[in-house]
Structure formats: C-alpha cells, structure tokens
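A.B. asks: Provided herewith is a single structure, encoded as structure tokens, for subsequent inquiry.
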Number of protein chains: 2
Amino acid sequence: MKEQITDPSQVSDSRIKALYTMANRLRRHSLVSTSEAGSGHPSSCCSSAELVSAVFFNFLRFDMDDPKNPNNDRFLLSKGHAAPVLWAALAEGGAFPVERLLTLRRLDSDLEGHPTPRNPWVDAATGSLGQGLSIGLGMALASRLDQRGIRVYVLLGDGEIAEGAVWEAAALAGHVGADNLIALVDANRLGQSQATMYAHDLTNYADRFASCGWNSLVIDGHNVTEIIQALHTAIRTEGKPTAIIARTVKGKGISLLEDLDGWHGKPLKKGEELEKALSELPDLELSEPLTVAPTGRKAPAPPAATGRIDAPDYDAGKQIATREAYGIALRKLGAANPAVVALDGDVKNSTYSEKFLQAYPNRFFECFIAEQNMVGMAAGMSAVGKIPFSSTFACFLARAYDQIRMAGISQSNLKLCGSHAGVSIGEDGPSQMGLEDLAMMRAIAGSTVFYPSDAVSTERLVALAADTPGIVYIRTTRPKTPTLYSPDERFKVGGCKVLKSSDGDRVTIVGAGITLHEALKACEQLKKDGIPARVIDLYSIKPLDVATLSQAAQETGAIVTVEDHYPEGGLGEAVAAALAGRKCLFRRLTVNELPRSGGPEELMETFGIDAKAIAAAAREIAGG
Amino acid sequence: MKEQITDPSQVSDSRIKALYTMANRLRRHSLVSTSEAGSGHPSSCCSSAELVSAVFFNFLRFDMDDPKNPNNDRFLLSKGHAAPVLWAALAEGGAFPVERLLTLRRLDSDLEGHPTPRNPWVDAATGSLGQGLSIGLGMALASRLDQRGIRVYVLLGDGEIAEGAVWEAAALAGHVGADNLIALVDANRLGQSQATMYAHDLTNYADRFASCGWNSLVIDGHNVTEIIQALHTAIRTEGKPTAIIARTVKGKGISLLEDLDGWHGKPLKKGEELEKALSELPDLELSEPLTVAPTGRKAPAPPAATGRIDAPDYDAGKQIATREAYGIALRKLGAANPAVVALDGDVKNSTYSEKFLQAYPNRFFECFIAEQNMVGMAAGMSAVGKIPFSSTFACFLARAYDQIRMAGISQSNLKLCGSHAGVSIGEDGPSQMGLEDLAMMRAIAGSTVFYPSDAVSTERLVALAADTPGIVYIRTTRPKTPTLYSPDERFKVGGCKVLKSSDGDRVTIVGAGITLHEALKACEQLKKDGIPARVIDLYSIKPLDVATLSQAAQETGAIVTVEDHYPEGGLGEAVAAALAGRKCLFRRLTVNELPRSGGPEELMETFGIDAKAIAAAAREIAGG
C-alpha cells in the first residue's frame, strides 16, 4: 500500500493550506446543496469540514474507481445527517462530478438525505445515531482477520455519544485492541434541540474512551495541523484504538450559523442569505492539488467456498433441539465457506453457536452481553464480504431492532438466529421468551424469515440462509423435537411442506417450530374422531407459499394456524393476510396474553397452543 | 422517616454477624428453591448474598405490608436471573412465608424465574439485562420531583455492564446528579458462557462510572463491613450517584460452585449434591433479629387530577400536523393531571413535546439521544405513579424495543409517541422513517395503538391514552393535514369513524393518519367515476373495531386498506386478520419496498399509497 506523508512535521505548508481550502470547499458544497434541496443539515457539515478534509485528502487510502475494493480504508459517517459533507468529499475526491451535488435529496438521486448504500461509495446506511462505531469495528475486525491492514475512520457527532450502542462498541474495541479503528468525535456542542450533556467539557469524552482501553486525544477540530498530528498518532498507535475528540463549532465559518441554537436541520435560504454565507468562505482555489490516495492493490478474489456441506445425519424421530441443530449446521457451514463468521452475545452455550467457536475460533466474535454492537458489527462485516451469523435468544434481538432496521436499509447480508422462541422455553419466564420476534423480523424490508421444526430442516435452512442475499432470520426452539425429515429432503425460500394430506381433508392445520409437532399430534387425534386434517409445516414464514396455502383453504375450507408467538405480526397474521378475502373458516391460535413461568408443556396448554387446543379448534370449524 | 444506624463504626459486631448469617440463609434458600424447581441460577445468587443482606436488613426503608407505598425505598434486581435471592430476602423480610420459596418457577406461583410485578413486591420486570439502572433512575428522579427522599438501590451483574443501556442511564444520572441512586455491581467475574470482558479488573468499571460523574468505590462484596461502609458513604454523598463495584465470587460459599465456569443457570441436584452444599453453610441462627426498616410514613393520596382538559380548538380544514397537535395536547394534559411527565430524546422541537417543557419544565426530562434509557426511565416513573409520555421519531423507538417489551411484561403505565411515521416525512430518507413501528407496537402484550389523522382526534387520543392503563402508542405524522373533526367529536379505545358511507357503497377504504386523507381524496375521484366508496378512519389500530369492519366487508364486498408502513404487522394485516375467512375482495396498499429520499407527495405516489393508487385499487376490485 502506498505510503502517505502523515507526519505533520513533513507535511508542507502549502498542503496544510490546501486542506483548509478544501474544508471550505466542502462547506460551500454543503451550503449550496442543502439550500438547493430546501432541507438538510448544513451547520452539522460545517463543524466537521476540516476533519473530513484531513481524513479524505491526507490519510484515506481508497480507490475511488473501485469503492468495493476490500483493500480500501473505510470512512463511516456515523453522524449521518452530515451527509452533504460526505457527498462533497466524494465529489471532490473524484467519485462523481461535483454538479451532482445539486441533486441532493431528490427522488432520482443517490445522494440521499442520510447516507445509504444506494450510493456505491457508502458501505452502510447511517442516520440512526450511535451505530457507526459498531459497523466500523466490524469492518476493522474483518480486515484484521483477513490481514488486509486497512484502517477504519468513523466520524461521530457529540450528540450521539449519549447512545449506549457507542459504548458497547467502544468497550469491545478496547478489549480486543482494534488499533485499526479511529473514532473522530465532532464535538460541536449543540444537539438538535439544545446543547449536549457535556457541551464543550471534552475531558469527559476522553476519559470515557480511555476507560474503555482507548488512546484518546482532545484537539481543536478546526486546526488542520492538530488534526493531522492526532491522526498520525492514531495510525502509529499499536494495540489500542484511538479516539480523537475534536472541539468544533457548529456552523463554523458562517457568521449567521456559528455556535447558535435553532440551526439544526435547517438550510440557508437561496438568494441573499446563502450568498452572504458563501461570501464568508474565501480562498476556494487549492494551493496544490489534493486527491484521495489510491490503495495500489487490486481487490483480491473472494475466498473460495467449496459449497459442499455435509448432509444432515439424524435418524427419523431422533430428539434434538433445533437450536442444537443450528450450531451443528453453523459448524458445517464454516467448513464449506470461509466467508462465514459467527457473533455471540454471551449465550453461545444456549444457542449452540459454541460449536462454531470450537471449530473456527478466529472467525468467532464474542460480543459479550451487548446485542446492539453484535448486530452492528455484523452489518459492518457483511459490508466487507463476510457472511455473519449473529445469534442470541430471540427476545434479545429486540435490543438490536434499530440496528437490524438500519441493516435492512443497508440491505446487509446479515444472518440472525433467535433461539428460545416462545412460551415453550418454560420456567425462565416471559423476559426470556421471544414472542414478538416474528413480527419484528418480518417487518424488515427485504427480509427472509425461517422457522424450522426439526434438525434436518434447520440444517438445510441455515445453509440456505448463507446462500440467500440480505437479512435472513432463523427462529429456533429450546426443547428437543423429533426429527421429521429424511436427510435428503430439500427446502426453499418461500416453500412449505404438506406433511399430512388426503382428498377428504376437512381442515388444514398450519404450524411451524414447536407447534408443528403439536399439529401432528392433533392430526392423529382428529383422525380418530373421523376428521381428516391436512398439516402444513410453514418453515418459510417470509416469503410465504401462498399457492399451497390457497389450495389448502380451497380444498379443506377451514384453516387453523398455531404459533408460539403473540397474535400480532406472526405466522397466523401472515397467513390471514395472504388469504385475505378468501372464504374459509379460520382460527388463529396464538399466545393471547402475557405468559409466566411454568413447565413448557403446561404453558403450551395454558396458552392454548398445544395439540388439545388445536384439535378443539379444528373440530369446531370442521364441524366435527 | 426513621433513622437507621448505617455508620459502620456504630453498627454492632452482633449485627454484622447477623448480616453474615442472613447472607448464608439467602444462599440456602436460593440453593434449595432452585434445586426444588430443577432450574435457575443459584451460583449468581450466592455471589450477591452479602450485598442483598446488607441492603435489605441494614439500609432499606420499606413497608413490607405496603409494597406500593411511594415512600418506600426501592430495590431493583437488574440481574434478574438472581431472582431466588430476591425472593429469599423478601421472605426473610416478612413479605410472605419462607415456605413459599419452594414454589419457585411454578405455574401457580408469583415467584417467577425472573422477577415480574406479578409479585406485588416487584416494581418492574427484569431479566433482560442492563435495564435496571434506567428503571431505577426513573424512580429516583420521580421521587426527587415529589421530594420524597427515597433511595433507589439497583443491583447489577458485571456481565450486563456490557449493555449500552447501562451507560445511557449512568451518563444521565451523573449529569443530573441523582444522588438518591445507588448502583451495586456484583462483579463475580463469570458470565453465562465465559469470563466477562474485564473479569476482576474492577478499576475499569470504577473509572467508567467516575467518568460519568459518579462517586465510585471498589470493595470486597463478601465483606459486610466494607459493604456497610460503602453504602453509608453512598447515602451521605450529595450531588452525585454512587456506584459500588463489589468484587465477588460466583457460587461463593459452595465449594462445588465457587468461581467455576459451567455453573451458570444450573441448580444443584437434590439429594447428596444439595445436601453437601447446604452443609457448607453454617451458623444459620441469627445472633440478633433482622428486619427491614419500615418507612414510618403512610402512602400519600395520589396527586389530584382535575380531569378537565380544554377542548380542541381547530376550525374545520385547518392545516396542522398531528405531531404538533400532540404537543398541544400534552401541554393541556399537563395542566389537568399533575402525574403526567414527559421524556424526550433530543427531538422535542420535532415531536413538539417542547410545548410541555415550556409549561412544565420540572416535569420534563431531557434524556438526550438515548432512547433505551428514555423508555426505561419512563417505566420506572410509571412504577411509582407517574404517567410518563416518552416521545421521539417512530423509527427510533426501535432502539428501545427491548425496553418496551419488558415494560409490557411489567404492564407499565407507559405512553409512547412516535412521530415522523412513514415515507411521508420525505427528503430525510429511510433512516428517519417509521415503517415498522405499528408491527412493533402491536406485538406488545396488552398494548393499545392509536394512529390519529387530524388535530382533533390527536388531542382526544392523547387524553384517552393517559386514561387507558398500560402501554399506549400514539403514531403521529410529519406533514400538516387538514382538520376533519369538530371539537366535540368523541373517540374511544377500539373505535373507528365511518367518514363516508351510503347504502350503495361498492368498496370500503380503510386508512389512518396521512393515508386517511388520501382515502378521502380517492373517494371523491371514485364518486365521479360512479363508484360510491365507504371511508373508515381506523384511528384505533389495536384493539380494532371488528364489528364495523365486518359490516363494511359484508355491505360493500370489497376492502382496500392503505397505510404508510411496511406490509407486515401494520394496519392492513390487522384488518386482514380480523376479517380472516370472510369472503370479500381485498387489497392492501403498503410501502412494499425500501424507500428513499424524495418529496413527501412523490414518495407516496412512488410507493403506491396516494389517492391515485387507492382509487385504482378500488376501481379494480369494485369492478369500476
């Protein structure tokens, strides 16, 4: 990789001058583009102009014509509302013509109000504050795993430092000594609606990063020489990440805006107001040309995946929990595809992701009890080519729902596994039961949701998840369930399995996971009652196999859905929506009220999702 | 309030000895009850036994026979998996007979696997780690507001310190100087699946709390004298909260468990294993009686609410955003009910909760950009009688979904407002758009979900939210919309409004919020086309007015739902599920793919939820 001059004693005065000029060019672009758009956050751009100028034009090693080159350094704008300054730096760096900056926030533009990967130079969507450091840490650790030697720069606002997710990332980064991660905090004192908690008392930030094991520095964020000195120190620091806390002024350079409340997310009016502001930004001719340094290294071929995954190996009827099969499948996947990595939130002995750890310790990332960072890191890893599987209890993924939502906007290639779904976990009680995870995961744009019922389908669906682009959620179950499928059974995105069926079926029971086994038991009971029932394993909750469900509704005229989940947004609503307007008798069995501690079987009985309840509902609507 | 002897130089040796004995009694109960239950976390109880003994029997002022007395000090077990030690302390303190401890985790018991308010001595459910400090801070600040002088003790595990939510609470507690909040960290070194990040390097924890403005102390958590000294210091410290970092040993006192991996969440086997452990806990006779000190103060009458809220005052057709009407309503509610408080995540000038701040600054809590803590604090405040309204952008409530989930388990009287719903926010782009919030909020047990369309209904629904027990979510819209209702129109939980209807209606359009206005426009267009359409304002998304919807389906035979939300778990699925199996033509218009920046109207057109799209769908199914 090309060596840059980063030692401030070696950087020429002319270059320093040019970097100041570039900062003002970035300001100018930010003002003009937001005024043209009629909305946006110019004052938040102005405070970070020197920081962005110095990083992009004196430190970053990035092939502008190959933004996905994994050898590129990475720059993440965690304070996503300052998007115009990022777009400006990219344009000045040659990514696209500066004229395009005038399309900011337009429907036909990829220069969105907050950065999204719709723009090829953006790795991950930001704009929900406090997520960038996790994403950056994921990239930094993925790079370290591949020994690429890239550096990751994350620009944060001081307001977002209040987000706990920042401190999850900071703690882990310090703990693992991620010295290729550099956080720059644009401490401009002002949040959206008032001053931040610490305003310009910056030692607090520095102390907190230091207490997390970081090298931390406080500088004047408008002094290019200080910025270069700090960044130079950062890239020479070994064994720990560096946080540069930069004292800045919101709206810096524009007298109308400087350090004033009431200018967050507000553009200048075109005409006199804008012109006056622009007149305060002199010296727009660069004293020497500035470019973003290329990496000098081509993108390597992606790691070879054999694609060969050992077939499941379970005898019919063998009792094994799908969570355990998940661990087994993950280990097999690790052998077949070196891009697969696993992340855990200190529950690896419950989710069984420890099986992956045992086989591939380098590709396993213990994130401790910090689910937001676990998901954010995984999103970052996926942005640099990894296929991350993050697993924890289904209910604890709720902790990271905003990170999952943002990963959806990034269209991250992220795999999530939630174990311990539903009341069937038993005695631990409601705080540990995932009862809203299907609603949560289905409502992510472009997501895929799998809910396997036995070990064979779990293994196949885990492998399928790795091959399915985007966010894939796998819901697993705590108790053991019998193996239903033969090892060569095939599963597909949007599929289902009709496990019991006859021409005379009078009712269809649709279940998945633990309730599928109850459905099969109910089917036996109903058979004895003379009511032939169809049973469908709805292992793909999103997308749905609408054709098979429609056919079942038409042929049997009665549907019972049953799920270990609350009534809203789960399996039953998905089926009801898919069949909306179609005449048939319909019963949804769900966990209709707040559950409690108890035995798994007695809870399933109490909340009406066991074989007895299914058979009763089926009898009622099938007229048995 | 009765003064206790807390100065360790004044505490007698006999009392110290009794507190040690009590710790072993708590251990004994924890071992026996978990062995009886066959599951649970005895080793996590053993590490905290002296801490719990000292807090309960030498510091806490709590009327055991009146657990809801707002003058009670509060004890929160943030490390909820140590529930057995809490149940043991409550039993030893006289809350209920010790024999009841043997019902731990049984379906018929209120001694659940993790604490829930099903047990009257518990204020808030814990067990999703890292939430207790926020809840405790909410209680501490509510008490400070009411000048009650209570103290709040929060017992945390060291594993959960990795959760960012802890640091959101810590930062705010330090910032506001919550000196009646005391955090005790049971640093037993071992997480569930491995050692914690810092193991017994406790200065890290102390430094981090100190950097957040806390008084912080490191002690031996098994030394009762040190514990008393630290707690005594804590209660005498003014102007800042205190964190006591207690070095402990997991499984302390039981040779089979002490400081060993592999014993998290695992009871001892009844019989020899348990008996041997119990034999290691000597001296179970107290050298002097120990009791929990009563407060000596009766519960005061709750603050008087006038109940009189000024009627809405908007002319028909007046353009005003529902988010602004929310702010106006909140301010009116503040006048009518002194129990109402408001919490913000630095967006008060966007959600308009600033109107409440301006009128009632003491009852307004700025939580900065830290939504988890904002919701956790609100749950804590509701547990001591406040009616908290937490507001932020709808999408950012996703950040606090796990806290909302736990508040659902607590059945907290918590009101949430999410503004900036859907693509209609426009240019800021997808990161700022709430498009999964209805799915998220509907899937909370016992929740109520309102989605007003104009200023009058917003005001009425905000008032109704305050009067409706439990979690109520109010979804507001960014753009201005015309006033539809007259000031005296009435709204109810589970209601809807049929705004257009005739005997010959051939289709029903169901909308809410911004799409209701599009539905009304579509109705006009359809009228011109000779297709009379019914229009329903579905302001109560949960519960639903199933009767009115069913009648519409029957009478018009065709339903179009339209919402500014993703397809899953929102208005359309709710209606589809309510009408499942009923024959009628059905179209759901939703935001079917990842949106982007653009103008509000062009986005609504692009994603097919505007009047034109509604009219086209209606025409198609009504055969026009």
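A.B. asks: Which aspartates and glutamates have a Cα lying under 12 Å from the Cα of B:Lys240, excluding residues fewer than 8 positions away in the same chain?
C.D. replies: B:Asp179
A.B. asks: Moving to a separate point now. Amide H neighbours of A:Thr196 under 5 Å, at least 5 residues apart or on other chains, H built in the peptide plane: list them.
C.D. replies: A:Leu190, A:Gly191
A.B. asks: Take the Cα atoms of region A:156-231, build their convex hull, and give its volume per residue in Å³.
C.D. replies: Numbers: hull volume 6.4 nm³, N = 76.
For region A:156-231, the hull spanned by Cα atoms encloses 84 Å³ per residue.
A.B. asks: With every protein chain present, what accessible area does B:Glu99 have (1.4 Å probe, heavy atoms only), rounded to the nearest 10 Å²?
C.D. replies: 120
A.B. asks: List the residues, sorted by chain then number, that are 5 or more residues from A:Leu589 or on another chain and whose placed amide H is less than 5 Å from its amide H.
C.D. replies: Those lying under 5 Å, H to H, from A:Leu589 are A:Thr561, A:Val562, A:Glu563.
A.B. asks: Considering the Cα positions of the protein assembly as shown, please state its Rg to one decimal place and its Dmax as a whole number of Å.
C.D. replies: Looking at the protein assembly as shown, its Cα Rg and Dmax stand at 29.8, 92 Å.
A.B. asks: Near A:Lys250, which aspartates and glutamates are there with a Cα under 14 Å away, not counting those fewer than 8 places off in the same chain?
C.D. replies: Correct list for A:Lys250: A:Glu50, A:Asp158, A:Asp186, A:Asp220, A:Glu258, A:Asp259, A:Asp261.
A.B. asks: Sorted from largest to smallest, which semi-axis lengths in Å does the alpha carbon gyration tensor of chain A give for its equivalent ellipsoid, taking the root of 5 times each eigenvalue?
C.D. replies: On the way: eigenvalues 542, 123, 85 Å².
They are 52, 25, 21 Å, listed largest first.
A.B. asks: Related question: Express the Stokes-Einstein translational diffusion coefficient of region B:405-526 in µm² s⁻¹, to the nearest whole number, given a Kirkwood radius over alpha-carbon pairs, 10 °C and a viscosity of 1.306 mPa s.
C.D. replies: Numbers: Rh = 15.7 Å.
For the chosen part, D equals 101 µm²/s.
A.B. asks: When only Cα pairs under 8 Å and 6 or more residues apart are kept, what is the percent relative contact order across region A:276-346?
C.D. replies: 38
A.B. asks: Related question: Using a 7 Å offset from Cα along the direction of the beta-carbon, what are the separations from B:Glu275 to the same position in each other copy, nm, ascending?
C.D. replies: B:Glu275 label point versus its equivalents elsewhere: 9.7 nm.
A.B. asks: In peptide A:581-589, how many Cβ atoms from other protein chains are near each Cβ within 10 Å, on average?
C.D. replies: Mean shielding count: 5.
A.B. asks: What would the Debye formula give as log10 I(q)/I(0) at q = 0.13, 0.22, 0.24, 0.27 Å⁻¹ for the alpha-carbon point model of region B:295-373, no solvent?
C.D. replies: Per q value, in the given order, log10 I(q)/I(0) is -0.50, -1.02, -1.11, -1.24.
A.B. asks: Can you give me the % of accessible surface on chain B that is carbon or sulfur? Probe 1.4 Å, all protein chains present, nothing else counted.
C.D. replies: Roughly 48 percent, rounded to a whole number.
A.B. asks: Once every Cα of region A:538-583 carries one equal point scatterer and solvent is ignored, give the base-10 log of I(q)/I(0) from the Debye formula at q = 0.13, 0.20, 0.27, 0.30 Å⁻¹, two decimals.
C.D. replies: So the normalised log intensities work out to -0.26, -0.62, -1.10, -1.28.
A.B. asks: Per residue, what accessible area does the protein assembly as shown have, given a 1.4 Å probe and all protein chains present, in Å²?
C.D. replies: Values: 37760 Å² over 1248 residues.
On a per-residue basis, the protein assembly as shown sits at 30 Å².
A.B. asks: Check every DSSP H run in chain A and write down those whose alpha carbon atoms cover 24 angstrom or more along the long axis and whose mean Kyte-Doolittle hydropathy is -1.0 or greater.
C.D. replies: Numbers: long enough: A:13-37 (36 Å, -0.56).
Helices meeting the criterion: A:13-37.
A.B. asks: Okay, moving on. On average, how many beta carbons from a partner chain sit within 10 Å of the beta carbon of a residue in B:391-402? Mind showing how you got there, number by number?
C.D. replies: Values: counts 0, 0, 1, 0, 6, 5, 2, 11, 14, 4, 10, 10.
Taking the mean over all residues of the peptide, I get 5.
A.B. asks: Just to make sure I understand: if all protein chains stay in place, what is the order of A:Asp344, B:Asp65 by accessible area at 1.4 Å, largest first?
C.D. replies: Details: A:Asp344 0, B:Asp65 140 Å².
Solvent-accessible surface, decreasing: B:Asp65, A:Asp344.
A.B. asks: Follow-up question, since we're still on this one. What residues in region A:81-124 lose 40 Å² or more of accessible surface when the other protein chains are added to their chain alone (1.4 Å probe)?
C.D. replies: Hits at the 40 Å² cut-off: A:Arg105, A:Leu107, A:Glu112, A:His114, A:Arg118.
A.B. asks: Using only the heavy atoms of the protein chains and a 1.4 Å probe, how would A:Val98, A:Val449 rank by accessible area, largest first? Each step should come with its number before you reach the end.
C.D. replies: Values: A:Val98 55, A:Val449 0 Å².
The ordering from most to least exposed comes out as A:Val98, A:Val449.
A.B. asks: Count neighbours as other Cβ atoms within 10 Å of each site's Cβ, and list the GluC sites (Glu not before Pro) in region B:243-301 that are DSSP loop with at most 10 such neighbours. Intermediate results must be reported in sequence, preceding the final value.
C.D. replies: Details: sites: B:Glu258, B:Glu272, B:Glu273, B:Glu275, B:Glu280, B:Glu285; in loops: B:Glu258, B:Glu280, B:Glu285.
In loop regions of region B:243-301 (DSSP not H, G, I, E or B), the sparsely surrounded GluC sites (Glu not before Pro) are B:Glu285.
A.B. asks: Under 4 °C and 1.567 mPa s, how fast does region A:84-187 diffuse according to Stokes-Einstein, given a Kirkwood radius computed over C-alpha pairs? Answer in µm²/s, whole number.
C.D. replies: Working: Rh = 14.9 Å.
Value of D from the Cα-based Kirkwood radius: 87 µm²/s.
A.B. asks: Moving on to the next point. Sort A:Asp108, A:Asp123 from largest to smallest accessible area, using a 1.4 Å probe on the heavy atoms of the protein chains. Walk me through the numbers before you get to the answer.
C.D. replies: Details: A:Asp108 115, A:Asp123 25 Å².
Solvent-accessible surface, decreasing: A:Asp108, A:Asp123.
A.B. asks: Okay, next question. Give me Rg/Rg_expected for region A:441-490, where Rg uses Cα atoms only and Rg_expected = 2.2 N^0.38 Å with N residues.
C.D. replies: Details: Rg = 11.7 Å, N = 50, 2.2 N^0.38 = 9.7 Å.
The value comes to 1.20.
A.B. asks: Over region A:17-173, calculate the relative contact order: mean separation of alpha carbon pairs under 8 Å at least 6 apart, over the residue count, as a percent.
C.D. replies: Values: 252 pairs, mean separation 37.1, N = 157.
Result for region A:17-173 is 24 percent.
A.B. asks: For chain A, calculate the relative contact order in percent as a whole number, restricting contacts to Cα pairs under 8 Å that are 6 or more residues apart. Don't skip to the answer; put the middle values down first.
C.D. replies: Values: 1507 pairs, mean separation 77.0, N = 624.
For chain A, the relative contact order is 12 percent.
A.B. asks: Nearest 5 percent is fine: what portion of the DSSP beta bridges confined to chain A is antiparallel?
C.D. replies: So the antiparallel bridges in chain A amount to around 15 percent.
A.B. asks: Under the rule that an exposed site lies in a DSSP loop and has at most 15 other Cβ atoms within 10 Å, name the longest stretch of chain A with no trypsin sites (Lys or Arg not before Pro) of that kind, not counting the sites themselves. Don't skip to the end; give the middle numbers.
C.D. replies: Values: sites that count: A:Lys2, A:Lys68, A:Lys269, A:Lys270, A:Lys298, A:Arg308, A:Lys318, A:Arg490, A:Lys492, A:Lys583.
No qualifying site falls inside A:69-268, the longest such stretch.
A.B. asks: Another question about this same structure. Going by amide H atoms built from the backbone, whose H comes under 5 Å of the H on A:Phe365, apart from near neighbours?
C.D. replies: Under 5 Å from the amide H of A:Phe365: A:Ala342, A:Leu343, A:Asp344.
A.B. asks: Here's something else I'd like to know. For the pairs A:Lys68/B:Lys612; A:Lys332/B:Lys252; A:Lys612/B:Lys68; A:Lys348/A:Lys528; A:Lys583/B:Lys497, flag any whose C-alpha to C-alpha distance is greater than 31 Å. Write down the numbers at each step before the final one.
C.D. replies: Working: A:Lys68/B:Lys612 40 Å; A:Lys332/B:Lys252 39 Å; A:Lys612/B:Lys68 40 Å; A:Lys348/A:Lys528 43 Å; A:Lys583/B:Lys497 26 Å.
Beyond 31 Å: A:Lys68/B:Lys612; A:Lys332/B:Lys252; A:Lys612/B:Lys68; A:Lys348/A:Lys528.
A.B. asks: How much of A:Tyr20 can a 1.4 Å solvent probe reach, expressed as accessible area in Å² and rounded to 10?
C.D. replies: In the full protein context, A:Tyr20 sits at about 80 Å².
A.B. asks: Would you kindly calculate the mean projected area, averaged across all directions, of the convex hull enclosing the Cα atoms of region A:235-368, in square nanometres?
C.D. replies: Details: hull surface 69.0 nm².
So the Cα hull casts an average projection of 17.2 nm².
A.B. asks: Report the per residue volume, in Å³, of the convex hull enclosing the C-alpha atoms of region B:306-437.
C.D. replies: Values: hull volume 15.1 nm³, N = 132.
It comes to 115 Å³ per residue, whole-number rounded.
A.B. asks: Count the net charge of all other residues whose Cβ sits under 11 Å from the Cβ of A:Asp529, scoring Lys and Arg as +1 and Asp and Glu as -1. Don't skip to the answer; put the middle values down first.
C.D. replies: Values: positive: A:Arg506, A:Lys527, A:Lys528, A:Arg619; negative: A:Glu524.
Net of charged neighbours comes to +3.
A.B. asks: Using Cα positions and a limit of under 12 Å, work out the aspartates and glutamates in reach of B:Lys492, with same-chain residues fewer than 8 apart set aside.
C.D. replies: B:Asp467, B:Asp545
The values are calculated or read from the model by the stated rules, or taken from the named source; none is laboratory data. Fair warning: this is a prediction, and the values are worked out from it, not measured in the lab. Cβ atoms come from the backbone with ideal geometry, glycine included; neighbour counts cover every protein chain shown. Side chains are part of the model used for accessible areas, which takes the heavy atoms of the whole protein and leaves out ligands, DNA and RNA. Shrake-Rupley method; radii C 1.70, N 1.55, O 1.52, S 1.80 Å.
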